[in-house]
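> Have a look at this one before I ask anything.
The values are calculated or read from the model by the stated rules, or taken from the named source; none is laboratory data. Only a predicted model underlies this, so the values are computations on that prediction, with no experimental measurement involved. Quick reminder, even Gly has a Cβ in these numbers, built from the backbone with ideal geometry, and neighbours come from all protein chains shown.
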Amino acid sequence: MQNQAIQVKGLQKSYTKLHVLKGVDFEVEKGSIFALLGSNGAGKTTIVKILTTLLKHDGGTAAVNGFDVASRPDHVRQSISLTGQFAAVDEILTGRENLIMIAKLRHLNNPRQVADDLLNRFGLTDAADRRVSTYSGGMRRRLDIAMSLVGKPQLIFLDEPTTGLDPEGRIEVWKTVKELANGGTTVFLTTQYLEEAEQLADRIAILHEGKIIANGTLAELKKLFPPAKVEYVEKQPTLEEIFLAIIGKKEEK
Amino acid sequence: METVKKHFFSDMGVMLGRSMRHIFRSMDTIITVTITPIAMMLLFVYVFGGAIQTGTDNYVNYLLPGILLIAIASGIAYTAYRLFMDMQRGIFERFHSMPIARSAPLWGHVLTSLVSNAISVVVIILVALIMGFRSSAGVLSWLAVAGILALFTLALTWIAAIAGLSATSVDGAGAFSYPLIFLPFISSAFVPTESMPSVVRAFAENQPVTSIVEAIRALLSGQPVGNDIWIALAWCVGIMLVAYVFAMRAYKKRV
């Protein structure tokens, strides 16, 4: 059995006027956290959509868990889960109903039990029977990720999971992602926040103008720059650190 | 190579359950859909009705089929709306990246439209009964009426699906239903076509609503149905097939 969860070679995609992907290559190792970094409009979401079978590519190859996304999309869908850029939750249903719905669609044996376990794991038990429209942004994202974990997919895609979240919500999501990876799930993550990639990812790839311009571990990427020069700079706390210190939920590092 | 098992009917069942919950949790959709036709029925029966010569002694009996069609035409606007909202939010992407039957989410909306319109139709018929609607129709005739209404609902629902799938704004998703709601007014739904000027009359007598209304009216009053029922069925099935093809094309383009 091969070791790669995702293999992408020479991936090309154009929209009517826009050549978004101009030959993208990368691989993602099983069980790792891979962060795709890029500015808005760089094509991160396009890559996610191709890998999750939502969009057809124009050239090159992409395989997920050994299955070609173009010729065997059904097999790809069996082993992945997508948490898109906009929380894919049903606002009118309750948190529990959302999870049960996904469990039923995945034809699991005991949807209710699956839902209870995930609600518990994501700290949503108290809110389980409330409509999702009453949830905060962070809770919604947690539910969104919980829904992606129904049926224990081997690979989960998180497309900008923390965009639009407050700092607390972001830290909640980071914790979740780390736990996922510790449990052996492969995580493919896109983000425009450099800090997020630094915090979470085993490997980071930078997508710029349709190509991957850098790909490596954080240490490797750091080596691309001239050696660090020692300078003494007074360390001012960032506003985020102040905010988190005041509300007493400082992130554990 | 093992093949991936598909569970079209159970997936569709889950989708149906989902959107039926939406309907029961926002009762305003059912209320809005039923209240306008009921208000119209009250208005026509108690205000205009006295001046309208239909050749029948009971105007409610004459009016009801057209009112039901108006209710269905406004009901399907919500189907377009719900579809549009699903496309906008991430939930359709989640469904489509899951190993489920590709068209299950769409069929879930179509079935929901059928069920929710059936509920509105029943509510309106109950109100009509209070207002003095009486029918001599037997079980078979009622079944035929139900069948025509179901086909009419399906035909319009697939049109709604095209709108919901290809609209670029919420308003656009609902706007297509206005002409459909208006169509019964230029038909024999409210007044006999004989009183209309010749051009309008020609349109009225040859558009789908008139044959559907006439067929339902004849069935409910226990009179011979004649050709109307076949013309009505042909319209419904024809519109349904064409709209289905276009809706499916729009759906495949989006997923």
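> Within the range A:124-149, how many residues are hydrophobic (A, V, I, L, M, F, W, C) and under 16 Å from B:Ile91 (Cβ atoms)?
5
> Being within 19 Å of A:Asp129 (Cα to Cα) and modelled with pLDDT of 90 or more is the filter here; which residues of the range B:1-19 pass it?
Hits for the range B:1-19 are B:Val14, B:Gly17, B:Arg18.
> Filter the range B:79-94 down to the residues that are more than 7 Å from chain A (Cβ to nearest Cβ) and without any contact (Cβ under 8 Å) to a residue 60 or more places away in the chain and list them by number.
B:Asp86, B:Gln88
> Return the residue satisfying two criteria in turn: it lies in the range B:142-192 and is of a type in the set (A, V, I, L, M) and not in a helix (DSSP H, G or I), and of such residues it is farthest from B:Gly108 (Cα to Cα).
B:Val191
> Then there is this: Hey, among the residues in the range A:194-253 that are exposed (fewer than 10 other Cβ atoms within 10 Å of the Cβ) and assigned to a helix (DSSP H, G or I), which one's modelled with the lowest pLDDT?
This residue is A:Ile246.
> Determine whether A:Thr176 is of a type outside the set (A, V, I, L, M, F, W, C), in contact with a Pro (Cβ under 9 Å, 6 or more places away or on another chain), assigned to a strand (DSSP E or B) and surrounded by 17 or more Cβ atoms within 10 Å (Cβ to Cβ).
For A:Thr176, the condition - of a type outside the set (A, V, I, L, M, F, W, C), in contact with a Pro (Cβ under 9 Å, 6 or more places away or on another chain), assigned to a strand (DSSP E or B) and surrounded by 17 or more Cβ atoms within 10 Å (Cβ to Cβ) - is not met.
> Sticking with this one: One residue is enough: does the range A:161-175 have a residue meeting the conditions at pLDDT below 90, within 13 Å of chain B (Cβ to nearest Cβ) and on the phi < 0 side of the Ramachandran plot?
Yes, there is a match, as at least one residue in the range A:161-175 is at pLDDT below 90, within 13 Å of chain B (Cβ to nearest Cβ) and on the phi < 0 side of the Ramachandran plot.
> Name the single residue, out of those in the range B:84-108 being among the aromatic types (Phe, Trp, Tyr) and under 19 Å from A:Leu143 (Cα atoms), that is surrounded by the fewest Cβ atoms within 10 Å (Cβ to Cβ).
B:Phe92
> Does B:Ile52 satisfy being in contact (Cβ under 8 Å) with a residue 60 or more places away in the chain, more than 14 Å from chain A (Cβ to nearest Cβ) and surrounded by fewer than 22 Cβ atoms within 10 Å (Cβ to Cβ)?
yes
> For the range A:50-61, which positions are free of Cβ contacts under 8 Å to residues at least 60 places away in the same chain, crowded, with 22+ Cβ neighbours inside 10 Å and not in a loop (DSSP other than H, G, I, E, B)?
Passing the criteria: only A:Ile50.
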